[in-house]
Amino acid sequence: MAMKEPSPDVVIVGGGLIGCSAAYFLSRRGARVLLLEKGGVGGETSSGAAGMLGVDSEPEEDPVCRAFARQSRSLYESLAEVFRREVGVDIQFEGKGLLSLARDEKEESEFRQREAGGHGSFWSPDEVRAQCPDLAEPFRGGLFHSLDGQVTASRVAEGFRRAAESLGAVVRENTKATGLIRQGNRVTGVRVGRKSVFGGTTLLALGPKGWSLASATGWRPPIFPVRGEILIFRPSRRLLPFPVFLGDSGFYLVPKPDGTFLAGTTVRRTNRAVLTNRGKDAISRAALAALPALADAPYMGGWAGLRPGTPDGWPLLGPVPGVEGLWIAAGHFRRGVLLTPATGLWISEAMNGAPPSGFDRFSPGRFTK
Ligand SMILES: Cc1cc2nc3c(=O)[nH]c(=O)nc-3n(C[C@H](O)[C@H](O)[C@H](O)COP(=O)(O)OP(=O)(O)OC[C@H]3O[C@@H](n4cnc5c(N)ncnc54)[C@H](O)[C@@H]3O)c2cc1C
């Protein structure tokens, strides 16, 4: 039995940041969109990301990747305004920059080289002290990325969802796609239990897990879950003006606009999204050593999420090789929040027959060539 709504142009499976962004940009181009989410929108990885928009703080030499990330970051400012004005969602966008703290000679020299490569301005220890008086010494300065910023990831998913709905998209929560419907070499929709949902194109935005859904096509994307853990505090005052990376250690400190404070993170390839004692201990030690004032802040708990990893750390965007009617937008690893706006925009342009220049860089088939 078919569901009641008229057959959509695009059925999106997965209502994380990526699926919601695609729903918005496709709807903006006039496509009829149906989005299916097995739980609640933004309820998985996208709900607990730190929300940093780090183009220059996570440097990348590939020119297409850099341009893609920069475009995405720059879209946030206007989207923040659109979401606030049109659907009443404040994504807490802050464009105050990000600092990578140099804690030793090696990091100082590395960051000075990055400055020479155009990835930020190197600050002396005095300049760091003036901006971040609560940071503990020793440090040897830091690389400041003035164009980077942050948002609140769960609110971004909500903003895209509501803006897409205001343009006519239909969002069905608690609706799990259980299989693909195929006619020969073409995917014509998805199964939801015993129901069939037909659509012109099916876009899979499943995040880190559940890719057996695609295996009936004989293709499985090289996407794997990589756990990250975060601790949450509520200090009585704002301890830092902007997020700070503790050198190249992978640890970071993020003051959120709502008064909470995040400390992260760990990186482990596993499909178990659990906060571990080891992770808690490592993050907490690094955070307290860098920011002693955090010791007095109430601890609000922690969170673990699964990043959708790929072999090169960049997403798979576009038509699934050798299968008609099936597209993918997934595998954004550590940059999913940053890359959300450009992903939706590029997918909508490519589906409309005008792929942006460089779109092939993210070809889903690139690992099997
Ligand atoms: C600890 C941590 C910190 C992070 N910090 C940052 C950061 O600061 N900056 C940054 O840019 N990125 C960050 N990231 C990465 C970012 O969170 C992810 O790249 C991004 O959220 C991935 O979004 P997604 O929509 O692909 O996946 P998800 O959010 O997982 O969404 C996929 C959705 O698909 C649904 N789904 C799956 N299967 C089905 C099915 N069969 N039927 C229907 N629905 C289905 C799921 O329920 C889920 O809601 C962080 C990640 C972690 C874990």
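None of the figures in this text is laboratory data; all of them are computed from the coordinates on show. Bear in mind that the values here come from a model prediction, so they are computed numbers and not experimental data. Glycine gets a Cβ as well: all are built from the backbone with ideal geometry, and neighbour counts include every protein chain shown.
Working from the Cα coordinates of the range 58-217, the gyration tensor eigenvalues give, after taking √(5λ), semi-axes of 44, 21, 14 Å in decreasing order. Long hydrophobic helices in the chain, taken as whole DSSP H segments with a C-alpha length of 24 Å or more on their own axis and mean Kyte-Doolittle hydropathy at least -1.0: 63-87. Take every pair of alpha-carbon atoms less than 8 Å apart whose residues are at least six positions apart; their mean separation over the length of the range 16-81 yields a relative contact order of 27 percent. The Cα-based radius of gyration of the chain, divided by its Kirkwood radius, gives an Rg/Rh of 0.99.
For the range 116-183, GluC sites (Glu not before Pro) are listed when DSSP marks them as loop and at most 12 other Cβ atoms sit within 10 Å of their Cβ; the list is empty. Summing Lys and Arg as +1 and Asp and Glu as -1 over all other residues whose Cβ lies under 11 Å from the Cβ of Asp90 gives a net charge of 0.
Full extension of the chain segment joining Thr178 with Arg269 gains 30.2 nm, where the gain is 0.36 nm per residue of separation less the Cα-Cα distance. Per-residue ellipticity at 222 nm computed for the chain from its helices equals -9000 deg cm²/dmol, with DSSP H segments shorter than 4 residues left out and the rest contributing -39,500 (n - 2.57). Tell me the net charge near Arg334. Cut-off is 15 Å between Cβ atoms, Arg334 excluded, with +1 for each Lys or Arg and -1 for each Asp or Glu. Around Arg334, the charge tally is -1. Computed extension gain for Ala136 through Arg29, at 0.36 nm per residue and net of the alpha carbon distance, reaches 33.5 nm.
Treating each Cα of the range 243-285 as an identical point scatterer and summing with the Debye formula, the log10 of I(q)/I(0) at q = 0.28 Å⁻¹ comes to -1.05. Among the chymotrypsin sites (Phe, Trp or Tyr not before Pro) found in the range 277-369, those both in a DSSP coil and sparsely packed, with 16 or fewer other Cβ atoms within 10 Å of their Cβ, are Phe367. Taking every DSSP bridge with both residues inside the chain, close to 70 percent are antiparallel. How much net charge surrounds Glu229 when only the other residues with a Cβ under 10 Å from the Cβ of Glu229 are counted, with Lys and Arg +1 and Asp and Glu -1? It works out to a net charge of +4. In the chain, with Lys and Arg counted as +1 and Asp and Glu as -1 at Cβ, which of these residues, Val187, Gly309, Ser236, has the Cα nearest the positive end of the dipole, that is, farthest along it? Checking the options against the dipole of the chain, the answer is Val187. When you filter the GluC sites (Glu not before Pro) in the range 60-90 for DSSP loop state and at most 15 other Cβ atoms inside 10 Å of their Cβ, you are left with Glu61.
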